[in-house]
Amino acid sequence: MCRNIRVLYNFEPPTSEDEVQAAALQFVRKVSGMQKPSRANEAAFERAVTAIAETTRELIDELVTSAEPRDREVEAERRRARSAARFA
């Protein structure tokens, strides 16, 4: 799995539509092996991104948890610390 894949669920403030769209685009790029599709594949590529974004939003909206929401800044700091340790 890609290291760039991030958890989108249970954050305060909630995950934005832009974050969901970016995650869907990243997923389709990874699965298709294309950073930018050709004109012949562009429509299928965009349909896939839209479908995955919609499904992701539905999933996030339907999940339930009793855990406290995560803080975005704390999670970002953890990622930076892991990165610094990995590439030090």
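All of the numbers you see were taken from the coordinates with simple rules; none came from a lab. It should be emphasised that the depicted structure is a prediction, and the values quoted were computed from it without experimental measurement. No Cβ is skipped: glycine too gets one built from the backbone with ideal geometry, and neighbour counts run over all protein chains shown.
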Checklist entry - How far is helix 72-87 tilted off the main Cα axis of the chain, in degrees rounded to 10, range 0 to 90? => result 80
Checklist entry - Sequence-distant or interchain residues sharing an amide H contact under 5 Å with residue 70, placed H: which? => result 11, 12
Checklist outcome for this item: With residue 73 itself left out, Lys, Arg at +1 and Asp, Glu at -1 over residues whose Cβ is under 12 Å from its Cβ give +1
Checklist outcome for this item: Of 56, 15, 65, the most mobile residue in a GNM of the chain (C-alpha springs, cutoff 10 Å) is 65
Checklist entry - Against the longest alpha carbon principal axis of the chain, how many degrees, from 0 to 90 and to the nearest 10, is the axis of helix 17-32 turned? => result 60
Checklist entry - What angle, in degrees between 0 and 90 and rounded to the nearest 10, separates the Cα long axis of helix 39-62 from the longest principal axis of the Cα atoms of the chain? => result 30
Checklist entry - Taking a spot 7 Å from the Cα of residue 18 along the direction of its beta carbon, which residues of region 33-63 have an amide N less than 16 Å from it? => result none
Item to check | Calculated [θ] (222 nm, deg cm²/dmol) that DSSP helices of n ≥ 4 give over the chain, each run adding -39,500 (n - 2.57) | outcome: -21500 deg cm²/dmol
